[in-house]
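S.K.: Could you have a look at this structure, given as structure tokens, before my questions?
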Amino acid sequence: MEGTPRPEPGAPQLRTLLLTDLCDSTQLVERLGDGMAAALFREHDRLVLELQQRWRGRLIDRSDGLLLVFERPLDGLGFALDYRQGLEGLGRAHATGPLLARIGLHVGEVLMWQNSDEAVSAGAKSVEVEGLAKPFAARLMHLARPGQILLSAVAEPLVRRAARELGGRGHALQWRSHGRWRFKGVPEVQEVHEVGEPGLAPLRMPKGDAKAHRDIPLWRRPMALAAEVALVAGVAIGVWFITRPEPAIAFSERDWVVVADVRNLTGQAVLDDSLEQAFRMSLEQSRHVNVLSDLKVRDTLKRMRRQAETPIDRELASEIAIREGVWGVVLPAVAEVGGRVHVSLELVDPHTRQTLFSTSADGTGIDSVLASVDRVTSELRAALGEAKTSLARDSKPLPKVATQSLDALRAYALGQEAFSQGRYTQARDFYKRAIALDPEFALAYVGVTRACNVLDELPEGLPFLRRAQQLRENLPGRDQMYLDAWIVQVDDPGRAADAWMLVSEMYPDFFPALANTAYALEVQNQHVQASEFASRAAVMQSEFASLSFELLGRLRLAQEQRQEAWKAFEAAAERSLPSARVWQAIWHAVSEDFDAADKAWPADSLLNLTHFDRVSIYLDRGNWEGAVQEARRVEARAREDDARYRQSQIPLAIALWAAGDIAAAKAQLQRAAELALVSVDVPTSVMDQRDDAVVALVAALLSQRIGDAQLAQRVSGTLKDKKHAGLVAMQPVKSLLVVLGARQELLNGEPFRAIAALEEVLDGGEPFQAHVALLEAHLMAGQVQDALREAKWIASRRGLAYSEYGCAWCQQGLNVVDARLARAHVKALSGKGVDAGVLHQRLALQSLSPAQVPAAHSGF
């Protein structure tokens, strides 16, 4: 590492040591042959050099493996993670199959000295490193399984604390403790930890050998166990079940468990769904334990080619856990014993099927079940290492946070299942049924609000949100924060991203908070930052993974990362999310494969919402009449009293303008703006008010382009009224008002003032239409090269044109038309002797429809 201070001879130094060993390297050479193997190892060397420089490491030694020294533990972790991924890529590139390494990371004191020039010329290393830390790191590396990164107890807390510096990647890391081990030549017992990225980390107990073995208590060693078995051979099975010794539980904070189906031996069918939901609710109150969603469990069953209704028992739950990298399995049961209701659970190691922990609670009558569930899950959480203070802080009795009515709990469980499958209308009705059975069921009120929001019926859901607010104390800590963030989302959407970020920081594995953070940032056009949160939400463990994958796909498309976008849309569609097929159709349209887009578009019967995107696809392919017909059909499907109807006026106006019916387009824009401004002045929620303000602004912008300045003045005057001060400070309203003002400067013949205003909003999150206005401003100013730069930017952002949220994608068609027209502008501006002023007169501020623009370019 360049610039590293030369160590003083003999002075111990605290350093991070990382040792690696490339698995089966000899067999690899034999299989590939010398020539191909040499090519592979040259690429491997380049990878190591690149990572060494990136993470500021110093390479001390190498053969089949590496010895590196780092100043900071985090740098050692970064090298290990990137090396693991790099080997994966090398294996694919050379078709070798999985290319894996064992990796050990330790922090300790070492002695470092520089060899003499004579020694180096004779073949010695330039730097020597010695000390107990070196063989200790070697023991860790030797213990690791292929592909596994093991950490010492010294390194683990240092690395884990600093991992936040890696951003979203650091938050997604998976950690596992593998208990206490004895290393040959090391006197003290050592704690061994593992770290890795989802899908890459084995997260399995190391095998051990003569050089490293687990530190098992005397009473659990084979000879002692044999004596114990002989001693208790005559004891009844029931007594043994209660008194048997339990294995140590090597559970790490935020590890995952699978909850199997409840084994119901009471004959009471109401307990089937309700009791499983109760176990989930009780466990999900914890910040220490994560529960694999039921949707994910059923999705795994589907991939295993099992029926979704297949009962999840010990064997099947264990297989699911192994497939998904889940730490343990929870087996709940309920039975009637001696006139009392007996609730029990077991914690099972999925690899060995061995019971690690068991507990039970009894109560009188079926009404005692929820209190018994509370007791057994609290004991489980404590056994998994959750502190008593955390249990007290993050736990409330189930009858309080949920309901005392098992029928209400069952209705809520069915609502959760329907919502996760995209059946939002049914979900809303199930939540309402739960409320009818128990009017104090706070979580059910939140569920109604959430379903109504997705259905674009937020005004209907707001009374339920307000009622949930009144019942806030009935919610556990996490759901209180979730409710508070929803209230901010509705009442002050400009702060929504910050509110959701706070929830996600407090509960890093609470996927709805991560997804909602991404949604809030998407509205503000902050696509890069939103992607970080969406990628953390779009994981297999999430109950609503399909929605998050679709969101991630949109964000990737907005950044023109088309292959990554397709993978995300495909993952959402595989989970039967109908709207994901809409975005697959859009993806094909962005790539200009319009036949594929038509084939991908889903039937109306599958869609919960009215989508504007097909209007945009017709516009993109130059089918103006088809766009008008589709826009009228979309308008007819929307309810006149909801936000979607007001938004639907904009695609129709854009289609009429594109078709050359300027008079009809003007009238339609006037109607759209008037409807939106009425809603702005009498809002049902600030969130809808913001979207309506954007509808009015888009209508005004297009009106300006076809020569009508009056509508823009009316919209600007209404929004700038002092009673809307909070609204105009929100994005994208704030930036669109600047664009509106800049276009007014163009109408006044002041292009340089327009350019200055527009450049103020170019911060990476600016509206697409800011660049369209800037193109026209540069044309009017006679700045050919600047206009050409903007035209190229617009033409190359087809993914963003479709993906920008704006007014719930109502402006999408205008963006798409401009992205296609920009190609003609690029061609015209690239010619010799172009007069930008003349070109502007032919293009920009005239009542030209898109169909007329190519003719305006003739003669250049």
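The values are calculated or read from the model by the stated rules, or taken from the named source; none is laboratory data. None of the values given here were measured: they were computed from a predicted structure. Every residue, glycine as well, gets a Cβ built from its backbone with ideal geometry; the counts of neighbours run over all protein chains shown. SASA here: full protein model, heavy atoms, side chains in, ligands and nucleic acids out. Shrake-Rupley method; radii C 1.70, N 1.55, O 1.52, S 1.80 Å.
S.K.: Within the range 317-341, which residues are open to solvent by 10 Å² or more (accessible area, probe 1.4 Å) and free of Cβ contacts under 8 Å to residues at least 60 places away in the same chain?
M.R.: Matches in the range 317-341: Glu319, Ile322, Arg323, Val337, Gly338, Gly339, Arg340.
S.K.: Have a look at Asp641, Asp692, Asp661 and point out the one that is acidic (Asp, Glu), over 22 Å from Thr610 (Cα atoms) and either over 38 Å from the mean Cα position of the chain (by Cα) or at pLDDT below 95 (or both).
M.R.: Asp661
S.K.: Name the pairs: first residue in the range 167-188 and within 19 Å of Gly385 (Cα to Cα), second residue basic (Lys, Arg) and not in a strand (DSSP E or B), Cβ to Cβ under 9 Å, at least 6 apart or on different chains?
M.R.: As it stands, the answer is Gln174/Arg254; Trp175/Arg160; Trp175/Arg254; Arg176/Arg204; His178/Arg204, since those pairs meet every condition given.
S.K.: Just checking, does the range 539-556 include any residue being over 21 Å from Arg280 (Cα atoms), buried (at least 18 other Cβ atoms within 10 Å of the Cβ) and among the acidic types (Asp, Glu)?
M.R.: Yes, because at least one residue in the range 539-556 is over 21 Å from Arg280 (Cα atoms), buried (at least 18 other Cβ atoms within 10 Å of the Cβ) and among the acidic types (Asp, Glu).
S.K.: What residue, of Leu66, Leu47, Leu59, is more than 23 Å from Val154 (Cβ to Cβ) and in contact with a helix residue (DSSP H, G or I) (Cβ under 9 Å, 6 or more places away or on another chain)?
M.R.: Leu47
S.K.: Can you tell me how many residues in the range 103-127 are over 13 Å from Leu17 (Cα atoms) and either in contact (Cβ under 8 Å) with a residue 60 or more places away in the chain or among the aromatic types (Phe, Trp, Tyr) (or both)?
M.R.: 4
S.K.: Just a yes or no: is a residue in the range 420-434 within 26 Å of Glu309 (Cα to Cα), part of a loop (DSSP other than H, G, I, E, B), open to solvent by 40 Å² or more (accessible area, probe 1.4 Å) and not β-branched (Val, Ile, Thr)?
M.R.: yes
S.K.: Let me ask something additional. Would you check if there is a residue in the range 536-544 being over 25 Å from Ala729 (Cα atoms) and either touching a strand residue (DSSP E or B) at 6+ places or on another chain (Cβ under 7 Å) or of a type in the set (S, T, N, Q) (or both)?
M.R.: Yes, there is a match, as at least one residue in the range 536-544 is over 25 Å from Ala729 (Cα atoms) and either touching a strand residue (DSSP E or B) at 6+ places or on another chain (Cβ under 7 Å) or of a type in the set (S, T, N, Q) (or both).
S.K.: Any chance the range 54-63 includes a residue that's free of Cβ contacts under 8 Å to residues at least 24 places away in the same chain, of a type in the set (A, V, I, L, M, F, W, C) and open to solvent by 60 Å² or more (accessible area, probe 1.4 Å)?
M.R.: No, the range 54-63 contains no residue that is free of Cβ contacts under 8 Å to residues at least 24 places away in the same chain, of a type in the set (A, V, I, L, M, F, W, C) and open to solvent by 60 Å² or more (accessible area, probe 1.4 Å).
S.K.: Any idea which of Leu458, Leu465, Leu437 is surrounded by 23 or more Cβ atoms within 10 Å (Cβ to Cβ) and modelled with pLDDT of 80 or more?
M.R.: Every option except Leu465 fails the conditions.
S.K.: Also, quick follow-up: Output yes when any residue across the range 730-745 is out of contact with any helix residue (DSSP H, G or I) (no Cβ under 8 Å at 6 or more places or on another chain) and open to solvent by 40 Å² or more (accessible area, probe 1.4 Å), and no when none is. Even if it seems obvious, please write down each step before you answer.
M.R.: First pass over the range 730-745, keeping only residues out of contact with any helix residue (DSSP H, G or I) (no Cβ under 8 Å at 6 or more places or on another chain): none.
For the range 730-745, residues out of contact with any helix residue (DSSP H, G or I) (no Cβ under 8 Å at 6 or more places or on another chain) and open to solvent by 40 Å² or more (accessible area, probe 1.4 Å): absent.
S.K.: Can you pull out every residue in the range 574-608 that is farther than 24 Å from Arg633 by Cβ and either buried (at least 16 other Cβ atoms within 10 Å of the Cβ) or under 20 Å from the mean Cα position of the chain (by Cα) (or both)?
M.R.: Listed by number, the residues that qualify are Glu574, Arg575, Ser576.
A quick yes/no check of all residues on (1) of a type in the set (Asp, Glu); (2) under 11 Å from Val257 (Cβ atoms); (3) surrounded by 22 or more Cβ atoms within 10 Å (Cβ to Cβ); (4) touching a Cys at 6+ places or on another chain (Cβ under 8 Å):
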site	(1), (2), (3), (4)
Met281	no, no, yes, no
Val289	no, yes, yes, no
Lys296	no, no, yes, no
Arg305	no, no, no, no
Val343	no, no, yes, no
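S.K.: Condition first: over 18 Å from Glu457 (Cα atoms), in contact (Cβ under 8 Å) with a residue 60 or more places away in the chain and open to solvent by 10 Å² or more (accessible area, probe 1.4 Å). Now tell me which residues in the range 662-697 satisfy that.
M.R.: Hit for the range 662-697 is Ile662, nothing else.
S.K.: When you check Gln27 against the structure, is it at pLDDT below 90 and either part of a loop (DSSP other than H, G, I, E, B) or under 22 Å from Pro202 (Cβ atoms) (or both), yes or no? Break it down stepwise before answering.
M.R.: Values: at pLDDT below 90: yes; either part of a loop (DSSP other than H, G, I, E, B) or under 22 Å from Pro202 (Cβ atoms) (or both): yes.
For Gln27, the condition - at pLDDT below 90 and either part of a loop (DSSP other than H, G, I, E, B) or under 22 Å from Pro202 (Cβ atoms) (or both) - is met.
S.K.: In addition: One residue is enough: does the range 164-175 have a residue meeting the conditions polar (S, T, N, Q), modelled with pLDDT of 80 or more and out of contact with any Pro (no Cβ under 7 Å at 6 or more places or on another chain)?
M.R.: There is no residue in the range 164-175 that is polar (S, T, N, Q), modelled with pLDDT of 80 or more and out of contact with any Pro (no Cβ under 7 Å at 6 or more places or on another chain).
S.K.: While we're here: Given Leu774, Leu800, Leu788, Leu821, which one is surrounded by 24 or more Cβ atoms within 10 Å (Cβ to Cβ) and part of a helix (DSSP H, G or I)?
M.R.: Matching residue, one of Leu774, Leu800, Leu788, Leu821: Leu774.
S.K.: Considering only helices (runs of 4 or more DSSP H) fully contained in the range 477-525, which possess at least 1 residues that are at pLDDT below 90 and of a type in the set (Asp, Glu)?
M.R.: Filter on the range 477-525 gives 477-491, 496-506.
S.K.: Can you confirm whether the range 537-545 contains a residue that is within 28 Å of Asp763 (Cα to Cα), in contact (Cβ under 8 Å) with a residue 60 or more places away in the chain and among the aliphatic types (A, V, I, L, M)?
M.R.: no
S.K.: Residues being in a helix (DSSP H, G or I) and open to solvent by less than 10 Å² (accessible area, probe 1.4 Å): count how many of those fall in the range 82-107.
M.R.: Adding up the residues that qualify gives 3.
S.K.: Output the residues belonging to the range 449-463 that are farther than 18 Å from Ala638 by Cα and out of contact with any helix residue (DSSP H, G or I) (no Cβ under 8 Å at 6 or more places or on another chain).
M.R.: Across the range 449-463, the qualifying residue is only Pro463.
S.K.: On the basis of being modelled with pLDDT of 90 or more, touching a helix residue (DSSP H, G or I) at 6+ places or on another chain (Cβ under 8 Å), open to solvent by less than 60 Å² (accessible area, probe 1.4 Å) and not charged (D, E, K, R), does Leu32 make the cut?
M.R.: Answer is no for this residue.
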